[in-house]
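All remarks here apply to the structure that follows.
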Amino acid sequence: MRKIFTLLVAVLLIGCASVPTTQSFTLPGDHGQLSAVLHTPVGKKTYPLVMILHGFNASKEMPLLTDLSAQLNSRGIATVLFDFNGHGKSEGSFLDMTIPNETEDARRVYKYVKKLPQVTSVSAVGHSQGGVITGMLAGELGEKGLKSIVLMAPAPELKEDTARGELFGVTYAPQNPPEYITLPNGLKVGRAFLETTQHLPIYEVSRRYTGPVLVVHSQDDELVPYRYGVEYSKIFPHATLKTLQGFNHCFTQDSSAVNKIVADFFDSQLNK
């Protein structure tokens, strides 16, 4: 009986040890306080960290991203997830959201985690619009700032869409956009987004990054054509393109399998 009890205790302890420590916090963003959560692996005094950036009208609680965080934590890699301004639990209005002010949000999160004494390096992964921000942030910070990055279904198409005056099927005059447009789902996108996105130096800034890059994109992405993933993979000197088939933009067919590809990449780069 004692042996059985001892075995049960051991199993419980192993299970508990695999659960990351979670700390919710806020920090000043470009448009108010940002809601963030830090997950750190148990039993490690120091660890690499990966910033996880969500996309347009998403949040840090998107299942794709929370599962990725858990997979990275299980490999001894800390993660920080946060809501951009006007999203999720962060302050600010979605009407005021732009890619430039979201990039500033990401800079501030980066500065916060970079100062944590336990963090040995910082990397980043972004989905969709978050991929665009990840690439541009990497171009700004360089390899010494971000050790490696992953772009999941990155969406530079947003620049072309806003330049021709069409966003998610809604048309407008790109040289004189209205105060806001209303998308088919009822979401209102403000003039600032429509004006700034069409002039973004997305590739010009991103290509400055010389560290390891993984681009993950599906040939069946219904929202952002696969060719954008191909283009992204060509602008970086050290990029790998992982081509998928049968997946939509959010990889809902098997997000865990896609996240394993991302986690394997970070594991190979950060746990050498």
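Within the stretch 85-101, track down each residue that is assigned to a loop (DSSP other than H, G, I, E, B) and in contact with a Gly (Cβ under 7 Å, 6 or more places away or on another chain).
Scanning the stretch 85-101 gives Asn85, Gly86, Ser90, Glu91, Gly92, Ser93, Met97.
For residues in the stretch 102-116 being free of Cβ contacts under 8 Å to residues at least 60 places away in the same chain and in a helix (DSSP H, G or I), which is surrounded by the most Cβ atoms within 10 Å (Cβ to Cβ)?
Ala106
For the stretch 58-93, what are the residues that are under 13 Å from the mean Cα position of the chain (by Cα), touching a residue at least 60 places away in the same chain (Cβ under 8 Å) and surrounded by fewer than 24 Cβ atoms within 10 Å (Cβ to Cβ)?
Ala58, Met62, Pro63, Leu64, Asp67
What's the number of the condition Leu8 fails, among (1) modelled with pLDDT of 95 or more; (2) surrounded by fewer than 15 Cβ atoms within 10 Å (Cβ to Cβ); (3) of a type outside the set (Lys, Arg); (4) more than 29 Å from Leu200 (Cα to Cα)?
Only one criterion is unmet by Leu8, namely (1).
Looking at (1) in contact (Cβ under 8 Å) with a residue 60 or more places away in the chain; (2) in contact with a helix residue (DSSP H, G or I) (Cβ under 8 Å, 6 or more places away or on another chain), which one does Thr240 not meet, given that it meets all the others?
Every listed condition holds for Thr240 apart from (1).
Of the residues Gln71, Gln23, which is polar (S, T, N, Q) and part of a strand (DSSP E or B)?
Just one listed residue meets the conditions, Gln23.
Report, by residue number, each residue of the stretch 231-248 that is of a type in the set (Lys, Arg) and under 16 Å from Gln219 (Cβ atoms).
Matches in the stretch 231-248: Lys242 only.
Would you please name the residue that is surrounded by the most Cβ atoms within 10 Å (Cβ to Cβ), looking only at residues in the stretch 232-272 that are small (Gly, Ala, Ser) and part of a helix (DSSP H, G or I)?
Restricting to residues being small (Gly, Ala, Ser) and part of a helix (DSSP H, G or I), the top hit is Ala263.
Do we have Asp161 as touching a Lys or Arg at 6+ places or on another chain (Cβ under 9 Å), of a type in the set (Asp, Glu) and at pLDDT 95 or above here?
Spelling it out, it is not the case that Asp161 is touching a Lys or Arg at 6+ places or on another chain (Cβ under 9 Å), of a type in the set (Asp, Glu) and at pLDDT 95 or above.
Confirm whether Val42 is modelled with pLDDT under 95, under 17 Å from Pro20 (Cβ atoms) and surrounded by fewer than 22 Cβ atoms within 10 Å (Cβ to Cβ).
yes
Listed residues Glu143, Glu157; which is out of contact with any helix residue (DSSP H, G or I) (no Cβ under 9 Å at 6 or more places or on another chain) and either buried (at least 19 other Cβ atoms within 10 Å of the Cβ) or of a type outside the set (Lys, Arg) (or both)?
Answer to the check: Glu143.
For the stretch 194-216, give me the residue count where each residue is closer than 12 Å to Leu167 by Cα and either at pLDDT below 95 or within 19 Å of the chain's Cα centre (by Cα) (or both).
Within the stretch 194-216, residues that are closer than 12 Å to Leu167 by Cα and either at pLDDT below 95 or within 19 Å of the chain's Cα centre (by Cα) (or both) number 1.
The values are calculated or read from the model by the stated rules, or taken from the named source; none is laboratory data. Quantities reported herein were computed from a predicted structural model and do not represent experimental measurements. Positions of Cβ are generated from backbone atoms using ideal geometry, with glycine treated the same way; all protein chains shown enter the neighbour counts.
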